Amino acid sequence: MSGLLPVIETQRLILRAIEPGDAAALAANLTPAVTRWLASWPDPMTPEIALARIARSQAAMRRGGHVFYVLERRSDRRVIGGLSGGITAADRQRMELAYHLAEDCQGSGYMGEAARAALPVLWSLIPVQVMEAGAQIANAASFGVMRAMGMTPVGERLVYSSARDRQEASQFFEVRRP
């Protein structure tokens with residue numbers, strides 16, 4: 001599966017295609033403090049749920065229009081998060097980005113580093129005109145990541161959270177193709 005995506009390397013990280021062997025690490029990373037901000041990753045998270053999500057992600061990559069990376073820290077080869085992008089169903093010229101980072105790795109600049117490195121690759125892989133990302137209104141750290149990607153705020157809208165079976169207000173940011 002890793003042949004479907006180019007590997008992206010930064011000073012501290014390796015971004016590579018998600019693999020079934022990542023299930024246990026992803027499940028361990030997705031603690032309640034992390035999943036409270038994620039619309040579709042449930043709490044509690046288990047390796048079995050993560051493995052099923054990985055299988056769906058790999059199928060989506062094979063169909064095209066979607067990418068799913070894990071963030072692996074160079075210093076210890078630990079999987080510390082994920083970054084994905086996919087063409088939206090509502091607008092084929094728009095890609096939605098999503099990301100998460102292990103609780104003990106937050107606040108270290110890892111996600112901004114990963115996102116800045118991934119942006120040019122995502123533009124090259126998915127032929128859309130706009131990338132967008134959204135986060136719950138109280139998720140200031142996520143807004144910082146979006147700004148680090150050069151995104152600007154475009155407004156609020158309700159997003160269905162399948163993890164909590166409810167609509168949640170989210171602030172969206174976007175950037176247009178360079």
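Net charge around GLY82, counting only other residues with Cβ within less than 12 Å of its Cβ (Lys, Arg = +1; Asp, Glu = -1)?
Numbers: positive: ARG16, ARG53; negative: GLU19, ASP22, GLU72.
Its environment carries a net charge of -1.
Please compute the net charge surrounding ARG62, taking Lys and Arg as +1 and Asp and Glu as -1 over other residues with Cβ under 14 Å from its Cβ.
Every neighbour counted, the sum reads +1.
I'd like the distance between the alpha-carbon centres of region 120-174 and region 33-79, rounded to an integer number of Å.
17
Counting only other residues whose beta carbon sits under 10 Å from that of GLN11, what net charge do I get with K and R as +1, D and E as -1?
Working: positive: ARG12, ARG74; negative: GLU9, GLU113.
Computed value for this residue: 0.
Which is farthest toward the positive dipole end of the chain among THR35, ALA52, LEU15, measuring Cα position about the Cα centre, with Cβ charges +1 (Lys, Arg) and -1 (Asp, Glu)?
Toward the positive end, the furthest listed residue is LEU15.
For region 2-131, calculate the relative contact order in percent as a whole number, restricting contacts to Cα pairs under 8 Å that are 6 or more residues apart. Each step should come with its number before you reach the end.
Numbers: 214 pairs, mean separation 32.9, N = 130.
Here the relative contact order equals 25 percent.
Once you have a ≥ b ≥ c as the square roots of the Cα gyration tensor eigenvalues for region 6-77, tell me rounded if a/c is under 1.5, and otherwise prolate or oblate according to whether a/b is larger than b/c.
Values: a/c = 1.80, a/b = 1.14, b/c = 1.58.
Oblate is the answer for region 6-77, as a/c is 1.5 or above yet b/c matches or exceeds a/b.
Summing -39500 (n - 2.57) over the DSSP H runs of n ≥ 4 in the chain and dividing by its residue number, what mean residue ellipticity at 222 nm do you reach, to the nearest 500 deg cm²/dmol? It would help to have the intermediate numbers written out before the result.
Working: 5 runs with 53 residues, N = 178.
Taken over the chain, the calculation gives -9000 deg cm²/dmol.
Laboratory data are not the source of any read-out in this text; all were calculated from the coordinates shown. As the structure is a prediction and not an experimental result, all values here were calculated from the model. Note that each Cβ is placed from the backbone with ideal geometry, even for glycine, and that neighbours are counted across all protein chains shown.
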